[in-house]
1. Starting from residues that are of a type in the set (D, E, K, R) and within 14 Å of residue 72 (Cα to Cα), keep the ones in segment 87-126 and report whichever is modelled with the highest pLDDT.
2. Identify, please: which residue in segment 1-24 is part of a helix (DSSP H, G or I) and not hydrophobic (A, V, I, L, M, F, W, C) and is, among those, nearest to residue 209 (Cα to Cα)?
3. If a residue must be surrounded by 12 or more Cβ atoms within 10 Å (Cβ to Cβ), not in a helix (DSSP H, G or I) and not hydroxyl-bearing (Ser, Thr, Tyr), how many such residues does segment 25-42 contain?
4. So residue 27 passes all but one of these: (1) in contact (Cβ under 8 Å) with a residue 12 or more places away in the chain; (2) more than 32 Å from the chain's Cα centre (by Cα). Which condition number does it fail?
5. Please go through segment 185-203 and give me each residue that is free of Cβ contacts under 8 Å to residues at least 24 places away in the same chain and surrounded by 18 or more Cβ atoms within 10 Å (Cβ to Cβ), ordered by number.
6. Looking at segment 302-336, which of its residues are of a type in the set (Gly, Ala, Ser) and either at pLDDT 80 or above or touching a Pro at 6+ places or on another chain (Cβ under 6 Å) (or both)?
7. From the set of residues in segment 117-141 that are hydroxyl-bearing (Ser, Thr, Tyr) and more than 31 Å from the chain's Cα centre (by Cα), which is surrounded by the fewest Cβ atoms within 10 Å (Cβ to Cβ)?
Amino acid sequence: MIKPHKYLNRIILFLIAATIVCTVLFPKMQDAFATNIVLNGLIAVVLLVGIVISMRQTYMLIPALDWLEKFKKNDHSEKTSKVPELLGTMATMMEEQKNRKLSLSTVSMNTLLDGIASRMDEGREVTRYIIGLLIFLGLLGTFWGLLTTIGSIGNTIDSLQVGSGDVGLMFDDLKEGLAAPLSGMGTAFSSSLFGLAGSLILGFIDLQSGQAQGRFFNHLEDWLSGITKLSSAGGNVNIDTSEGSVPSYVSALLEQSADSLENLNRVIVRSEDNKSEINHAITNLSSQLSALVDHQTDIHSAMVKMVSALGENKKEDTNISAKHLRNIDIQLKALTNETIKGQDKFTASLHSEIRLLARTLGAIVDSSTKSNKKIALTAKRDE
């Protein structure tokens with residue numbers, strides 16, 4: 001199998017040769033390009049875009065071939081993480097069968113090849129359109145230049161004054177009038193030149209890209225043909241059109257049945273994989289639940305110990321409080337008795353003091369009465 005690098009190298013060498021030719025002819029090409037910078041610049045930009053697109057189409061074959069070679073060698077170390085754009089549908093189908101023996105039906109092979117061919121044709125259609133666009137722009141510049149030339153020639157002829165008799169002046173006017181038609185002819189020929197040269201360059205690049213894609217498509221078709229199974233009634237391939245051959249609808253029905261069985265097998269394998277994953281998840285969940293139950297048991301035992309410890313502490317605190325209350329009661333009773341005794345003593349002493357005070361007051365009253373009587377007797381005697 002030839003790698004696409006060969007065709008990329010051809011394209012690069014051709015572009016280098018074209019660049020060398022343009023460098024050698026640069027003075028003349030500069031004058032031709034300056035006749036209509038806008039249109040010629042547009043042609044150059046379209047040519048560059050076409051070159052990039054065509055080379056990209058060729059370069060896209062490299063990752064596709066690398067992916068295909070890895071898959072053929074059963075190299076799934078990277079799980080083909082970067083699936084090439086060209087083989088997207090094929091990669092999805094192949095990844096589903098990577099753990100089993102790869103087998104395709106003729107319908108599946110034709111579908112894959114048609115899809116890949118249509119993707120490659122889509123890319124080449126853009127390149128072909130750009131080639132036609134370059135030719136169209138060249139012809140557009142040609143007709144534009146011709147229209148300018150024809151209009152300028154008409155104006156020049158109208159401006160000539162033959163009856164003046166001065167031939168030198170007439171030739172000077174003719175020279176000035178021919179400047180515009182010559183400029184239009186320059187636009188016409190330069191646009192045609194750049195448009196056709198661009199289509200030539202892009203056509204060669206598209207040719208190399210088409211050859212690379214054709215070699216890739218042939219290689220892919222050969223490989224898919226080797227893994228494609230052809231079903232028939234006797235188990236062997238029968239392409240005879242005689243009376244003993246199996247009808248085509250029977251062969252198609254058998255092939256469809258085989259595809260259905262294969263799809264059923266895939267579904268069963270997927271369900272088994274999902275079942276194993278579910279069993280693993282249930283096992284993990286049961287282990288987590290058992291760990292949770294053990295944890296709750298530990299918490300329960302710790303709480304029982306805590307409650308018993310709190311009960312013991314409460315009993316001890318109750319005994320201590322009862323002792324304190326008894327002591328307080330005893331002290332209050334003693335204090336009450338002492339208070340009663342003190343009150344009795346105070347009352348008795350108060351009674352004795354009151355009696356003493358009453359006796360003293362009575363004695364004072366008696367003595368004052370006696371003195372008053374003596375004073376009165378003395379006064380009477382004096383009278």
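1. If we take residues in segment 87-126 being of a type in the set (D, E, K, R) and within 14 Å of residue 72 (Cα to Cα), then 95 is modelled with the highest pLDDT.
2. Quick first cut of segment 1-24, residues part of a helix (DSSP H, G or I) only: 5-24.
Remaining after also requiring not hydrophobic (A, V, I, L, M, F, W, C): 5-7, 9-10, 19, 23.
Values: 5: 11, 6: 11, 7: 7, 9: 11, 10: 10, 19: 20, 23: 26 Å.
Step by step, filter segment 1-24, then rank; the result is 7.
3. 1
4. With (1) in contact (Cβ under 8 Å) with a residue 12 or more places away in the chain; (2) more than 32 Å from the chain's Cα centre (by Cα) applied to residue 27, the lone miss is (1).
5. Within segment 185-203, the subset free of Cβ contacts under 8 Å to residues at least 24 places away in the same chain is 197, 200.
The answer is 197, and nothing else.
6. The answer is 302, 334.
7. Narrowing segment 117-141 to residues hydroxyl-bearing (Ser, Thr, Tyr): 118, 127, 129.
Checking which are more than 31 Å from the chain's Cα centre (by Cα) leaves us with 127, 129.
Numbers: 127: 20, 129: 12.
My answer is 129.
Okay, residues lined up against (1) modelled with pLDDT of 80 or more; (2) surrounded by fewer than 10 Cβ atoms within 10 Å (Cβ to Cβ); (3) of a type in the set (Lys, Arg); (4) more than 60 Å from the chain's Cα centre (by Cα):
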position	(1), (2), (3), (4)
338	yes, no, no, yes
342	no, no, no, yes
348	no, no, no, yes
353	no, no, no, yes
357	yes, no, no, yes
361	yes, no, no, yes
364	yes, no, no, yes
371	no, no, no, yes
379	no, yes, no, yes
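The values are calculated or read from the model by the stated rules, or taken from the named source; none is laboratory data. Owing to the predicted nature of the structure, the values given are computational and were not obtained by experimental measurement. Note that we place each Cβ from the backbone using ideal geometry, even for glycine, and neighbour counts take in every protein chain shown.
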